[in-house]
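The values are calculated or read from the model by the stated rules, or taken from the named source; none is laboratory data. Everything numeric in this text was worked out from a predicted model, so none of it was measured. Methodologically, a virtual Cβ is constructed for each residue, glycine included, from the backbone with ideal geometry; neighbour enumeration extends over all protein chains shown. The protein model used for the area step is the full one, side chains on, heavy atoms only, and it has no ligands, DNA or RNA in it. Shrake-Rupley method; radii C 1.70, N 1.55, O 1.52, S 1.80 Å.
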Amino acid sequence: MAESAEKEKIKWTTTIIISTSLKSCEVAIALENRSHKVRYSASVENGSVIFSRTGVAFLLMDAKECFMSAEEIFLAKIEKFINIHQNSFLVLSAALHGLKEWKLMFRIQQRFLGSNLRILPVHNTVNAIDLMCTIAKITSKPYIDSICYRMITTKAYIIEQSPIWKTLQKINLSDSFNPN
């Protein structure tokens, strides 16, 4: 237990590729302040933040900008993004997610239903950074292995402690049914 607590205290850092359009943006500055290795690239989609080790990509969009531009323009940008990145997230920022913002998210979800796009509504930069870093962290190799191990252990514990499973074992049905 103490060993795993010590591992959790170690600061997680990774290499992040950020669109040059975000170079002076709060998001880039905040990621640099968290000691991540930030690289800027003009070859990625404007508004992109890519965690290279985990393959997770985020497209940052402001809801106000979506309302001001034509729907076809921002939908084409999203489509291009999800065609390039297998594990993609749209980070839709708005100070308040009111009816207009929820309708916008619903239209985007309808348009990209069945694709690999997930939409993350955020309110501010800190919220966006926390979500992106958390998702990237839990999908990185040592953390995903730990999560899988914990899930397997929890499943075994639940089965072991289940009153239904104990009843099945008592009446000898456990041999004919294997939950694994």
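Of all the criteria given as (1) in contact (Cβ under 8 Å) with a residue 12 or more places away in the chain; (2) within 23 Å of T14 (Cβ to Cβ), the one not satisfied by K100 is (2). Looking at this structure, is L75 in a strand (DSSP E or B), within 30 Å of L96 (Cβ to Cβ) and touching a residue at least 12 places away in the same chain (Cβ under 8 Å)? Considered against the rule, which asks whether it is in a strand (DSSP E or B), within 30 Å of L96 (Cβ to Cβ) and touching a residue at least 12 places away in the same chain (Cβ under 8 Å), L75 comes out as no. Residues of segment 103-115 that are open to solvent by 50 Å² or more (accessible area, probe 1.4 Å) and either without any contact (Cβ under 8 Å) to a residue 24 or more places away in the chain or within 13 Å of the chain's Cα centre (by Cα) (or both): K103, F106, Q109, Q110, L113, G114. Where helices (runs of 4 or more DSSP H) fall wholly inside segment 116-180, the ranges with 3 or more residues that are at pLDDT 85 or above, open to solvent by less than 90 Å² (accessible area, probe 1.4 Å) and of a type in the set (S, T, N, Q) are 125-138.
Look at segment 33-60: where a residue is modelled with pLDDT under 90 and open to solvent by 20 Å² or more (accessible area, probe 1.4 Å), no partner that is assigned to a strand (DSSP E or B) and among the charged types (D, E, K, R) sits 6+ places away or on another chain with Cβ atoms under 7 Å.
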